[in-house]
Amino acid sequence: MINAVLIAVAGRHLPLHASELAEPPTAQKVIGTDLMYLEVFALMVVVHLLTRHRRVPDIATRAPERTRARAEVAATLGYGVAGMVGGFLLGRAFGWHAFSFHLDGMVIRTDQPVTIPETLSWALYNLIVFAVVPLIVFRRRYTSEQLSLTSSDRRADLLLIVVVLLIESAVQLAVAGSSSILGLPAHQALLGAPLTLVLGLAGTALPTMVFIYCILTPRYLKLTGSVPATVVLGGLTYATLHFFDGWTNFASPSDALVSVLYLFLFYTGPGMFKTFITIRSANAWTHLWAYHAIAPHTLLDTPMFVKIFGIR
């Protein structure tokens, strides 16, 4: 359905602020994005096989009773929307791009200039608003275990992280090629990778982990009683938090529709996998190290941060 509407409304090219999205024919780009779901589902199979013999805690039991869980979900989502609007207004107030869960140009290149102050402010804002504050609030009532911040089997979680990370890294590097960290001289890669990792952790990986996978995912599972429904809800929440990513275009109603549809097409799959691996491991950290902070962000975004910080 999303594919058909995108192709019908967008016309020959996606009207988005990113050459890699706008240049290819719409149908080609949409179908190319659909292929990402094949990898997502393949990784889910891998995770299922690696965890099939584990005794994994049911994270739904870590959430409060249904009435309170429903209230906490509503409050968290409302707070998240306020945080997104605040990021939009703060970024625009300083003449920067709106703050989203990706700094302008991350993963999807826009070639729009990004400054060091903007980069540091984006990372600090997201870290405080979507990670530190929610964690402080919920730690008053819930333990680290109830927030899925501890491991029930460290060796099994490490195996899960390593296997998924190796697969995802191979895929990302094969697709991105020289536009990834592989295209940098060794000294730029060595200096830029740690910087990218730290900024990526602060600006997107930790906020995602705390907001969705520590807080919302156990409550989604408690309320729905369904792993598939929870996986989909996690994916949709993850996509929504990228609403103001720099490549989106809201210049007209049709452009806005295309932006929103492609947003959900592009981000829901990865968000679903992050939710799935969290449920299967009962550990919010597994997705962060296996499928977020390093691959894709450090592998794909190091060239961007090298450019922003003028690393030579």
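The values are calculated or read from the model by the stated rules, or taken from the named source; none is laboratory data. Only a predicted model underlies this, so the values are computations on that prediction, with no experimental measurement involved. Using ideal geometry, Cβ is built from the backbone for each residue, glycine included, and neighbour counts are taken over all protein chains shown. Side chains included, ligands, DNA and RNA excluded: accessible areas come from the protein's heavy atoms. Shrake-Rupley method; radii C 1.70, N 1.55, O 1.52, S 1.80 Å.
Evaluate the following for Leu160: is it surrounded by fewer than 21 Cβ atoms within 10 Å (Cβ to Cβ), assigned to a helix (DSSP H, G or I) and not charged (D, E, K, R)?
Details: surrounded by fewer than 21 Cβ atoms within 10 Å (Cβ to Cβ): no; assigned to a helix (DSSP H, G or I): yes; not charged (D, E, K, R): yes.
No.
Collect the residues in the stretch 270-303 that are charged (D, E, K, R) and open to solvent by less than 10 Å² (accessible area, probe 1.4 Å), keeping them in residue-number order.
Applying the first criterion (charged (D, E, K, R)) to the stretch 270-303 yields 274, 280, 301.
Passing the criteria: Lys274, Asp301.
In the stretch 17-42, how many residues are open to solvent by less than 30 Å² (accessible area, probe 1.4 Å), among the aliphatic types (A, V, I, L, M) and closer than 19 Å to Val232 by Cβ?
Counting residues in the stretch 17-42 that are open to solvent by less than 30 Å² (accessible area, probe 1.4 Å), among the aliphatic types (A, V, I, L, M) and closer than 19 Å to Val232 by Cβ gives 1.
Does Gly83 meet the test of being open to solvent by less than 30 Å² (accessible area, probe 1.4 Å), under 18 Å from the mean Cα position of the chain (by Cα) and either at pLDDT below 95 or under 30 Å from Val133 (Cβ atoms) (or both)? Spell out how you get there, then give the answer.
Values: open to solvent by less than 30 Å² (accessible area, probe 1.4 Å): yes; under 18 Å from the mean Cα position of the chain (by Cα): yes; either at pLDDT below 95 or under 30 Å from Val133 (Cβ atoms) (or both): yes.
Answer is yes for this residue.
Residues that are β-branched (Val, Ile, Thr), in a helix (DSSP H, G or I) and open to solvent by 60 Å² or more (accessible area, probe 1.4 Å): does the stretch 176-187 have at least one? I'd like the intermediate steps shown before the answer.
Initial filter on the stretch 176-187 (β-branched (Val, Ile, Thr)): 181.
Those left that are additionally in a helix (DSSP H, G or I): 181.
Still in the list and also open to solvent by 60 Å² or more (accessible area, probe 1.4 Å): none.
Within the stretch 176-187, not a single residue is β-branched (Val, Ile, Thr), in a helix (DSSP H, G or I) and open to solvent by 60 Å² or more (accessible area, probe 1.4 Å).
Please go through (1) open to solvent by less than 10 Å² (accessible area, probe 1.4 Å); (2) among the hydrophobic types (A, V, I, L, M, F, W, C); (3) within 29 Å of Ala170 (Cα to Cα) for Ala131 and return the number of the only condition it doesn't satisfy.
Checking Ala131 against (1) open to solvent by less than 10 Å² (accessible area, probe 1.4 Å); (2) among the hydrophobic types (A, V, I, L, M, F, W, C); (3) within 29 Å of Ala170 (Cα to Cα), the one that fails is (3).
Restricting to the stretch 98-155, give me the number of residues that are of a type outside the set (Asp, Glu) and closer than 30 Å to Ala176 by Cα. Before the answer, list the steps.
First pass over the stretch 98-155, keeping only residues of a type outside the set (Asp, Glu): 98-103, 105-110, 112-117, 119-144, 146-152, 154-155.
Within this subset, residues satisfying the condition of being closer than 30 Å to Ala176 by Cα are 98-103, 105-110, 112-117, 119-127, 130-131.
Of the residues in the stretch 98-155, 29 are of a type outside the set (Asp, Glu) and closer than 30 Å to Ala176 by Cα.
Report every pair of residues separated by at least 6 positions or lying on different chains whose Cβ atoms are under 8 Å apart, first residue within the stretch 119-134 and over 16 Å from Ala284 (Cα atoms) and aliphatic (A, V, I, L, M), second open to solvent by less than 50 Å² (accessible area, probe 1.4 Å) and outside any helix (DSSP H, G or I).
Taking only residues 6 or more apart or on different chains, the pairs are Ala123/Leu103.
Hey, any hits in the stretch 202-221 for a residue that's of a type outside the set (S, T, N, Q), out of contact with any Leu (no Cβ under 8 Å at 6 or more places or on another chain), surrounded by fewer than 24 Cβ atoms within 10 Å (Cβ to Cβ) and on the phi < 0 side of the Ramachandran plot?
Within the stretch 202-221 (the criterion being of a type outside the set (S, T, N, Q), out of contact with any Leu (no Cβ under 8 Å at 6 or more places or on another chain), surrounded by fewer than 24 Cβ atoms within 10 Å (Cβ to Cβ) and on the phi < 0 side of the Ramachandran plot), the answer is no, since none of the residues qualifies.
With respect to Leu127, determine if the residue is within 16 Å of Thr204 (Cα to Cα) and assigned to a helix (DSSP H, G or I).
Numbers: within 16 Å of Thr204 (Cα to Cα): yes; assigned to a helix (DSSP H, G or I): yes.
Yes, satisfied.
Residue check, Pro57 against (1) open to solvent by 40 Å² or more (accessible area, probe 1.4 Å); (2) closer than 19 Å to Ala293 by Cα; (3) assigned to a loop (DSSP other than H, G, I, E, B), all met but one. Which one?
(2)
Determine whether Gly105 is at positive phi, under 17 Å from the mean Cα position of the chain (by Cα) and either not charged (D, E, K, R) or not in a helix (DSSP H, G or I) (or both).
On the way: at positive phi: yes; under 17 Å from the mean Cα position of the chain (by Cα): yes; either not charged (D, E, K, R) or not in a helix (DSSP H, G or I) (or both): yes.
When the stated conditions are applied, Gly105 passes them.
Identify, please: which residue in the stretch 244-269 is open to solvent by less than 20 Å² (accessible area, probe 1.4 Å) and in a helix (DSSP H, G or I) and is, among those, farthest from Tyr220 (Cα to Cα)?
Val258
Among the listed residues Leu190, Leu201, Leu197, which satisfies the condition of being over 30 Å from Arg66 (Cβ atoms), free of Cβ contacts under 8 Å to residues at least 24 places away in the same chain and part of a helix (DSSP H, G or I)?
Values: Leu201 fails: free of Cβ contacts under 8 Å to residues at least 24 places away in the same chain; Leu197 fails: free of Cβ contacts under 8 Å to residues at least 24 places away in the same chain.
Exactly one residue qualifies, and that residue is Leu190.
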